[in-house]
Amino acid sequence: MTSTQYHTTEEIRSAVHTAVQRQIVTDMHTHLFAPEFGSLNLFGIDALLGYHYLISELFRVTRLVYDDFWAMDGLAQADLIWRELFVRRAPISEATQGVVRVLTALGLDATAPDLTEAREYLRAQDPMEYANRILDMAGVDVAVMTNDPFDPEESRLWMSGIEINPRYKAALRLDQLLIHWPSACATLRSAGYDVEVGMTGATCDEVRRFLSSWTERMQPLYMAVSLPASFTYPDDTPITRLLSEAVLPACLEYDLPLALMIGVRRQVNPALRLAGDGVARADVTAVEHLASDYPDNRFLLTMLSRENQHELCVTCRKFNNILPFGCWWFLNNPSIIEEITRERLEMLGATFVAQHSDARVLDQLLYKWPVSREIIGRALAETYVGLHHAGRPVTDSDIEADVHRLLRGNFRDWTNFA
Ligand code: HDL
Ligand code: ZN
């Protein structure tokens, strides 16, 4: 089939916009759960309003005592958040506009004085059917979960041999193992693994046996860990030993990438609970040492601080076993998504994963992806306009190939996910 060549800036912008809107996305990092996980599968207006991003924003507009809020039940919390952030003032932040977009996409009244209509609508949904409908509406073929083998409720479900909707894939999350080794060691010992907190004897082999057991059970697309901004490598903490003697060898054995998510400062304000984490610039040389020491391992990398983004691009130019991904958490805002995407295109071409939703509530896909598609499309369009002005004709097959790489292909190639 012959390619269509575009000859003007307007034609190129329109073609990129259309291609991005049409592209089916593989959402490589979410906190969603397949409907078979029951109550772990969050959806509906109360879960949307209980998103920790909105909880932090609530406390900016009220002098409410934290414990008084936490003493409320979920419905009362949602009613309060709706009233304070959506009724008494215009919902102009990214997270509040997101809820407005979801309600609009579902044909619900975003100006309602209360949550009666939204609750009735969402309570009427069958979780199995609703999951597929929302994924289809968002143009997402597969959502990758965040799966913690140390979570008692989740691990019980996995151990029961749960069969899940194939549009949800697992990622084996290792924060508990790597960041909280002493308590993880105790949990492993109670599960029959011969491990010592001092990491003597068979400890690392036993951790590998644990990783093998959960890799076989979950069939994850990758292993992942969120590391603090203070992360250094190598050092004399358990993280270095566990990465080098258990996790990275296990990733090689199962041909899995390791996702490094670096830059959080945990519990800056503990009174906010899950909403209490902060951010700081991290040391990108730790990633360079890992990529250099483990050239046969593949890494996925995202960093939380805006100040780390440019050096992240430089590091990825030096190490082709690192695939950068997403505009993570505090970066998942239109102004920053545009900046990050443009500098990545300028320095890496189409060799990164443009975005992940990080959605915690299913319906959030109805805003996180439309917003990111719009912004990423704008950045890519200007890149192609530049190519056109440089004197190289731009075709539809050029555009479609790169849009696929950025939103689906690069991640699936990196994880051998056909
Ligand atoms: O560690 C992570 O995967 C982060 O995404 C945290 O879950 C964070 O609380 C979050 O939800 N960010 O969007
Ligand atoms: Zn996340």
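May I ask you to list the residues in the range 3-42 that are more than 16 Å from ligand 1 (Cβ to nearest atom), open to solvent by 50 Å² or more (accessible area, probe 1.4 Å) and in contact with a helix residue (DSSP H, G or I) (Cβ under 7 Å, 6 or more places away or on another chain)?
Of everything in the range 3-42, those that are more than 16 Å from ligand 1 (Cβ to nearest atom), open to solvent by 50 Å² or more (accessible area, probe 1.4 Å) and in contact with a helix residue (DSSP H, G or I) (Cβ under 7 Å, 6 or more places away or on another chain) turn out to be Ser3, Thr4, Arg13, His17, Gln21, Ile24.
Considering Ser357, Ser397, Ser372, which residue is among the hydroxyl-bearing types (Ser, Thr, Tyr), under 23 Å from Lys169 (Cβ atoms) and in contact (Cβ under 8 Å) with a residue 60 or more places away in the chain?
Being among the hydroxyl-bearing types (Ser, Thr, Tyr), under 23 Å from Lys169 (Cβ atoms) and in contact (Cβ under 8 Å) with a residue 60 or more places away in the chain holds for just one of Ser357, Ser397, Ser372, which is Ser357.
Quick test for you: out of Pro238, Pro228, pick the one residue that is modelled with pLDDT of 95 or more, under 22 Å from Cys185 (Cβ atoms) and within 16 Å of ligand 2 (Cβ to nearest atom).
Pro228
Please go through the range 170-207 and pick out each residue that is more than 26 Å from the chain's Cα centre (by Cα) and of a type in the set (Phe, Trp, Tyr).
Answer for the range 170-207, where residues must be more than 26 Å from the chain's Cα centre (by Cα) and of a type in the set (Phe, Trp, Tyr): just Tyr193.
Select, from His356, His388, the only residue that is buried (at least 17 other Cβ atoms within 10 Å of the Cβ) and away from ligand 1 (no atom under 15 Å from the Cβ).
After applying the criteria, what remains is His388.
Among the numbered criteria (1) in contact with a Phe, Trp or Tyr (Cβ under 9 Å, 6 or more places away or on another chain); (2) open to solvent by 50 Å² or more (accessible area, probe 1.4 Å); (3) more than 30 Å from Val403 (Cα to Cα), which one does Phe69 miss?
Going through (1) in contact with a Phe, Trp or Tyr (Cβ under 9 Å, 6 or more places away or on another chain); (2) open to solvent by 50 Å² or more (accessible area, probe 1.4 Å); (3) more than 30 Å from Val403 (Cα to Cα) one by one, Phe69 breaks only (2).
In this structure, does Pro220 turn out to be at pLDDT 95 or above, assigned to a loop (DSSP other than H, G, I, E, B), crowded, with 19+ Cβ neighbours inside 10 Å and not hydrophobic (A, V, I, L, M, F, W, C)?
In short, yes.
For the range 290-349, how many residues meet the condition of being within 16 Å of ligand 1 (Cβ to nearest atom) and β-branched (Val, Ile, Thr)?
4
Any chance the range 123-134 includes a residue that's under 24 Å from the mean Cα position of the chain (by Cα), open to solvent by less than 50 Å² (accessible area, probe 1.4 Å) and either on the phi > 0 side of the Ramachandran plot or within 16 Å of ligand 1 (Cβ to nearest atom) (or both)?
Among the residues of the range 123-134, not one is under 24 Å from the mean Cα position of the chain (by Cα), open to solvent by less than 50 Å² (accessible area, probe 1.4 Å) and either on the phi > 0 side of the Ramachandran plot or within 16 Å of ligand 1 (Cβ to nearest atom) (or both), which makes the answer no.
One line per residue, one yes/no per condition, for (1) away from ligand 1 (no atom under 16 Å from the Cβ); (2) open to solvent by less than 70 Å² (accessible area, probe 1.4 Å); (3) among the hydrophobic types (A, V, I, L, M, F, W, C):
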| position | (1), (2), (3) |
| --- | --- |
| Met199 | yes, yes, yes |
| Cys204 | yes, yes, yes |
| Arg209 | yes, no, no |
| Ser213 | yes, yes, no |
| Ala224 | no, yes, yes |
| Ile239 | no, yes, yes |
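Report every pair of residues separated by at least 6 positions or lying on different chains whose Cβ atoms are under 6 Å apart, first residue within the range 160-185 and modelled with pLDDT under 95, second acidic (Asp, Glu) and open to solvent by less than 10 Å² (accessible area, probe 1.4 Å).
none
Across the range 104-119, what is the number of residues that are part of a loop (DSSP other than H, G, I, E, B), of a type in the set (A, V, I, L, M) and farther than 16 Å from Ala76 by Cα?
4
So which residues in the range 343-353 are open to solvent by 10 Å² or more (accessible area, probe 1.4 Å), free of Cβ contacts under 8 Å to residues at least 60 places away in the same chain and at negative phi? Reasoning before the result, please.
The initial filter retains those residues of the range 343-353 that are open to solvent by 10 Å² or more (accessible area, probe 1.4 Å), namely 343, 345-351.
From what's left, free of Cβ contacts under 8 Å to residues at least 60 places away in the same chain: 343, 345-349, 351.
Result: Glu343, Leu345, Glu346, Met347, Leu348, Thr351.
Give the number of residues within the range 337-358 that are in a helix (DSSP H, G or I) and more than 16 Å from ligand 2 (Cβ to nearest atom).
11
Please state which of the following conditions Ala418 fails to meet, knowing it meets all the rest: (1) at pLDDT 95 or above; (2) among the aliphatic types (A, V, I, L, M); (3) more than 16 Å from ligand 2 (Cβ to nearest atom).
(1)
Can you pull out every residue in the range 293-322 that is within 20 Å of His29 (Cβ to Cβ) and not hydrophobic (A, V, I, L, M, F, W, C)?
Matches in the range 293-322: Asn297, Arg298, Thr302, Ser305, Arg306, Asn308, Gln309, Thr315, Asn321.
Condition check ((1) assigned to a strand (DSSP E or B); (2) surrounded by fewer than 19 Cβ atoms within 10 Å (Cβ to Cβ)) across all residues:
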site	(1), (2)
Leu243	no, no
Ala250	no, no
Glu253	no, yes
Ala259	yes, no
Ile262	yes, no
Val268	no, yes
Arg273	no, yes
Arg281	no, yes
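How many residues are open to solvent by less than 70 Å² (accessible area, probe 1.4 Å) and in contact with a Phe, Trp or Tyr (Cβ under 8 Å, 6 or more places away or on another chain) if we restrict to the range 95-107? Outline the logic, then answer.
Narrowing the range 95-107 to residues open to solvent by less than 70 Å² (accessible area, probe 1.4 Å): 95-96, 98-100, 102-103, 105-107.
From what is left, the residues that are in contact with a Phe, Trp or Tyr (Cβ under 8 Å, 6 or more places away or on another chain) are 95-96, 98-100, 102, 105-106.
Going through the range 95-107 one residue at a time, the tally reaches 8.
Name the residues in the range 44-89 that are charged (D, E, K, R), free of Cβ contacts under 8 Å to residues at least 60 places away in the same chain and either closer than 22 Å to Leu122 by Cβ or in contact with an Asp or Glu (Cβ under 6 Å, 6 or more places away or on another chain) (or both), would you?
The answer is Glu57, Asp73, Asp79, Arg83, Glu84.
For the range 160-178, name all the residues that are open to solvent by 50 Å² or more (accessible area, probe 1.4 Å) and closer than 23 Å to Cys204 by Cα.
Across the range 160-178, the qualifying residue is only Gln176.
Spot the failing condition for Phe37; the list is (1) of a type in the set (A, V, I, L, M, F, W, C); (2) under 17 Å from the mean Cα position of the chain (by Cα); (3) more than 16 Å from ligand 2 (Cβ to nearest atom), and only one is missed.
(2)
The values are calculated or read from the model by the stated rules, or taken from the named source; none is laboratory data. Since this is a predicted model, take the numbers as computed values, not measurements. Cβ atoms come from the backbone with ideal geometry, glycine included; neighbour counts cover every protein chain shown. Calculation scope for accessible area: heavy atoms of the full protein, side chains included, ligands and nucleic acids excluded. Shrake-Rupley method; radii C 1.70, N 1.55, O 1.52, S 1.80 Å.
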